[in-house]
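Below is one structure. I have some questions about it.
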């Protein structure tokens, strides 16, 4: 009588199988790295700027994505701001002039953090003080809240004792530079000089 025996893999065949599996895994990982690397090389640098819809100074709907093809400086502030906002917008206006003809492809977008006071008319009058091409945006608090969250904007109303404006808004002062492909390329600040801001614009364009 013959007894059936189960054939067990030899140590050599088991090792060979493990080597094949490892080689396949390494090949797959290499392919993934190559694909990701090529995608990063072909894609513009930086994360996509979150799109949003608000109301411009003329009362018309505005989407950030409408400015694709241009470089954008996105800044959040309010028209009653005593220092940070006028300083920043004046520096951006001078930076735009320093760019010469290239300034035509550079847009400054000002978003209010004080929608209770900053109507479309008030925002429009304010941004035109710095440059007639500047875009001023406002909206309801419900419309603005997700925009603040997306761009990590801090703002808080503070009492202004003895002031005619009633209250002030403490707020972040970051300038987001968005390239022509809609990606955030760098960040500026209200303390940057016009030359530094112009350099940021050129960097965002590249």
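The values are calculated or read from the model by the stated rules, or taken from the named source; none is laboratory data. Bear in mind that the values here come from a model prediction, so they are computed numbers and not experimental data. Glycine also receives a Cβ, built like all others from the backbone with ideal geometry; neighbour counts cover every protein chain displayed.
Within the range 131-151, identify whether any single residue is without any contact (Cβ under 8 Å) to a residue 24 or more places away in the chain and either under 19 Å from the mean Cα position of the chain (by Cα) or not assigned by TED's automatic domain parsing to the domain that holds residue 80 (or both), and answer yes or no.
The initial filter retains those residues of the range 131-151 that are without any contact (Cβ under 8 Å) to a residue 24 or more places away in the chain, namely 132, 142, 145, 149.
Filter again for either under 19 Å from the mean Cα position of the chain (by Cα) or not assigned by TED's automatic domain parsing to the domain that holds residue 80 (or both), leaving 145, 149.
Yes, that holds for at least one residue.
Still on this structure: Conditions first: (1) in contact with a strand residue (DSSP E or B) (Cβ under 9 Å, 6 or more places away or on another chain); (2) on the phi > 0 side of the Ramachandran plot. Residue 152 passes all but one, so which condition is the exception?
Residue 152 satisfies every listed condition except (1).
Out of the strands (runs of 3 or more DSSP E) lying entirely within the range 53-134, which hold 3 or more residues that are surrounded by 21 or more Cβ atoms within 10 Å (Cβ to Cβ) and in contact with a helix residue (DSSP H, G or I) (Cβ under 6 Å, 6 or more places away or on another chain)?
Details: elements: 53-56, 61-63, 71-77, 106-112.
The strands (runs of 3 or more DSSP E) meeting that bar are 71-77, 106-112.
List pairs: first residue in the range 106-118 and in contact (Cβ under 8 Å) with a residue 60 or more places away in the chain and assigned by TED's automatic domain parsing to the domain that holds residue 70, second residue buried (at least 21 other Cβ atoms within 10 Å of the Cβ) and assigned to a strand (DSSP E or B) anywhere in the structure, Cβ distance under 9 angstrom, at least six positions apart or on different chains.
106/71; 106/72; 106/73
Let me ask another. When the range 177-206 is examined, which residues are found to be closer than 13 Å to residue 89 by Cα and in contact with a strand residue (DSSP E or B) (Cβ under 7 Å, 6 or more places away or on another chain)?
Matches in the range 177-206: 188, 189, 197.
Of all residues in the range 163-185, count the ones that are touching a helix residue (DSSP H, G or I) at 6+ places or on another chain (Cβ under 6 Å) and either without any contact (Cβ under 8 Å) to a residue 40 or more places away in the chain or within 14 Å of residue 76 (Cα to Cα) (or both). Before you say what the answer is, go through the steps one by one.
The first filter runs over the range 163-185 and keeps only residues touching a helix residue (DSSP H, G or I) at 6+ places or on another chain (Cβ under 6 Å), leaving 173, 177, 179, 185.
Remaining after also requiring either without any contact (Cβ under 8 Å) to a residue 40 or more places away in the chain or within 14 Å of residue 76 (Cα to Cα) (or both): 173, 177.
Qualifying residue count for the region: 2.
Residues that are buried (at least 16 other Cβ atoms within 10 Å of the Cβ): which strands (runs of 3 or more DSSP E) entirely in the range 144-206 hold 3 or more of them?
Numbers: elements: 155-159, 167-171, 175-178, 184-188.
Result: 167-171, 175-178, 184-188.
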